[in-house]
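To keep things clear, I will list the structure first and then write my remarks on it.
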Amino acid sequence: MAYFITGGTGFIGRHLVALLAARGKPVYVLLRPGSRDKLAAIALAAPEQRRLIIPVEGDLDAEQLGIAADIRASLQGRIEHFFHLAALYDLNAGEAELQRANVAGTRHAIAFAQSIGAGCLHLASSIAVAGQFQGCFTEQMFAEASGLDHPYFRTKHEAEALVRDTCRIPWRIYRPGMVVGHSRTGEMDKVDGPYYFFKPLQKLRGLLPEWLPLPAWQGGYVNLVPVDFVAAAFDHLAHLPGRDGRCFHLTDPVDRRIGEVLDLFARAAHAPRLRVRLEPLLAAAAPTGQHGVAELWPAALRVMQRWLAQFGIPPSVLDLLQHPTRFDAREAQSLLAAAGIRVPALEDYAWRLWDYWERQLDPKLRRSHGLRQVVGGKTVLVTGGSSGIGRATAIKLARAGARVLVVARDPDKLASLVTEVERQGGHVQAYSCDISNPQECERFLAGLLAEHGRVDILINNAGRSIRRAVEHTFDRLHDYERLMRLNFHAAVQVTLRLLPAMLEQRAGHVVNISSIGVLGNAPRFAGYNASKAALEAFSRSAGAEFLERGVRFTVVNMPLVRTPMVKPTRLYDHLELLEAEQAADIVCRALIDRPERVTTGLGLCAQLTELAAPGLNRALMSESFSLFGEVEGADNANGTAAPPGNGAPPGSGAPLAGEIRAFASFLHGIHW
């Protein structure tokens, strides 16, 4: 006697095939033509039984599974157990795809199993057959399912109904929970289910201390089971005598809420724990009367979908946030326990799932090629591209295959950039223009659009900085005006001119280079911070308006970078600053990830301090104002020195005082 399995190269299937082959009987595995290489993973898992694993070419979409007549004849009366695992396990798939794979595919599998006289058909169903049942769904329940509006839930229910109503040979049904990686190795084949939330947890870990408790949605129930348990349960229950016509729940006996599960993974990731449950807080604050929660829910869902999309989390995940169903699996658990097969506690293997994801599935592992994928063949405009951050960014983008355009005032520096890029085998097109002059900027933009048609990515990098205390600007309103002219008005003018073509293409990205000083409100940079804060406010408003139209806005709160703009301030000769190439890496990361904001851990800390303890932030900045006085080169735009302030540090030739150096090192990257 032998086994036959559909879906044998899938995640559950290849583990089950290895277990079946270990019983010493032939295992026939349905494969699409030309897919024999997919058996390689199974052969590695069961090398001693490799000769027992036999590929059978066919197609789940075809009658009789598309298997040749001579093969069907050779299998007649030989298949003791027929396992049907092939299905489309995807909440994001369309109705037609799900009907074809889950319903029509099951119909074809039943017909084939019957035609060859298989001893028993084993269907891999799913807890999705319960739909949105309110309460505890037992192994004996089926018709009681409710809330089957989602096509995945509905097609899994219809597939199980086909077996129950039409199958003329003995059958058994298995309903696994949400299958995750191997409990001992963490192995998983794709990002799905709870894995969608791993990237947000990773980002939290990088931004916030582990000890900081955070709020989380308590949500509905989610039932996770590791793939090794599911395969072992299939193998054992299929061979027990006298169990035909039964349904088995392969689920975790512990009913867990979504908030609890995410908190377990946060602990595994060494991220801040998600210990504060939102439902009680929201319930207490919920509006009452005519315009209550029910009216707000559709809008709240849309808001949540847009937010989750920034992390690559599909909208279908929201369907599970309030999943109300718990599952009773006492019969299956009793039968499995007798064989020593139990669901391991999620607390014991969550760290393995996280570790495997971070080493094998994390999208950032492919980031070395990510920039080329994002900008290759795209037209990118970098303002202020002749030196500093802009120059370093333009060089990296040209290397990645972008059509790079740069605009700056100095034609000699632009020519130097073009020469350097071409020497490296890239190409950049340079334009000499003072974009702070509205008329000159308009002529430049008109010519650029006439020549190139559109710009896919805009990096508003051109900027001016003036380091001067407010008390030394009482008669210098023009300082603020010229800062606003370049840092805000020019950036907005360029953006407004390029936006229509982006909207027409429903694709575009605007990256605005701001400063960490905006988050910390650094003294002596009131004019600079104000101009960059205005640009940030514009970005946030525009980003909300165009989110659904394919155009993204990103603000980069850049720390202090060693560029020609800061060179006149001799104080910075003594401090550790970011290099332009490192700053360009930050810009490239913004292009790849397309977040609303990119900042360093210190920038986020400054933002949180300003929000939660503004008095503390003001005290820090006041102390820095006293320590770091006005120095030569306070006007970074033209090198004009301002009057010395109280406590000015020595010039570039003398070492800084230990207290000053320690303060700057502790708050590395802040503008002093």
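Quick notes
- The residues listed here are H270, H291; of these, the one that is in a loop (DSSP other than H, G, I, E, B), at pLDDT below 95, exposed (fewer than 15 other Cβ atoms within 10 Å of the Cβ) and on the phi > 0 side of the Ramachandran plot is H270.
- Of the helices (runs of 4 or more DSSP H) that lie entirely inside segment 420-527, those containing 2 or more residues that are surrounded by fewer than 17 Cβ atoms within 10 Å (Cβ to Cβ), in the same structural domain as G390 (by TED's automatic domain parsing) and of a type in the set (A, V, I, L, M, F, W, C) span 438-452, 491-505.
- One residue from E358, E331 being part of a helix (DSSP H, G or I), surrounded by 15 or more Cβ atoms within 10 Å (Cβ to Cβ), within 15 Å of the chain's Cα centre (by Cα) and at pLDDT 85 or above: E358
Residue by residue, here is whether (1) at pLDDT below 95; (2) closer than 22 Å to G58 by Cα holds:
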| site | (1), (2) |
| --- | --- |
| I127 | no, no |
| C167 | no, yes |
| R175 | no, no |
| F198 | yes, no |
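- In the set (1) in contact with a helix residue (DSSP H, G or I) (Cβ under 6 Å, 6 or more places away or on another chain); (2) surrounded by fewer than 20 Cβ atoms within 10 Å (Cβ to Cβ), the condition left unmet by D192 is number (1).
- Selection within segment 354-407 - closer than 21 Å to S432 by Cα and basic (K, R): R391, K396, R403
- S416 vs. criteria in the same structural domain as M558 (by TED's automatic domain parsing), surrounded by 15 or more Cβ atoms within 10 Å (Cβ to Cβ) and under 19 Å from Q493 (Cβ atoms): no
- Residue check, G385 in the same structural domain as D585 (by TED's automatic domain parsing), assigned to a loop (DSSP other than H, G, I, E, B), under 17 Å from D585 (Cα atoms) and not polar (S, T, N, Q): yes
One line per residue, one yes/no per condition, for (1) out of contact with any Cys (no Cβ under 9 Å at 6 or more places or on another chain); (2) at pLDDT below 95:
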residue: R423; (1), (2): yes, yes
residue: E440; (1), (2): no, no
residue: A462; (1), (2): yes, yes
residue: E471; (1), (2): yes, yes
residue: N487; (1), (2): yes, yes
residue: P500; (1), (2): yes, no
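- Selection over segment 177-194 of residues that are modelled with pLDDT of 90 or more and on the phi < 0 side of the Ramachandran plot gives a count of 11.
- Put simply, of L52, L75 the only residue that is surrounded by 15 or more Cβ atoms within 10 Å (Cβ to Cβ), over 22 Å from V163 (Cβ atoms) and out of contact with any Ser or Thr (no Cβ under 6 Å at 6 or more places or on another chain) is L52.
- Among the residues making up segment 449-493, those that are among the hydrophobic types (A, V, I, L, M, F, W, C) and without any contact (Cβ under 8 Å) to a residue 12 or more places away in the chain are A450, F474, L477.
- Test: residue in segment 37-45 that is among the hydrophobic types (A, V, I, L, M, F, W, C), surrounded by 14 or more Cβ atoms within 10 Å (Cβ to Cβ), closer than 25 Å to P170 by Cα and free of Cβ contacts under 8 Å to residues at least 60 places away in the same chain: no
The values are calculated or read from the model by the stated rules, or taken from the named source; none is laboratory data. The structure presented is a predicted model; accordingly, all values stated were derived computationally and were not measured. With ideal geometry, Cβ positions are generated from the backbone for all residues, glycine too; neighbour counts draw on all protein chains shown.
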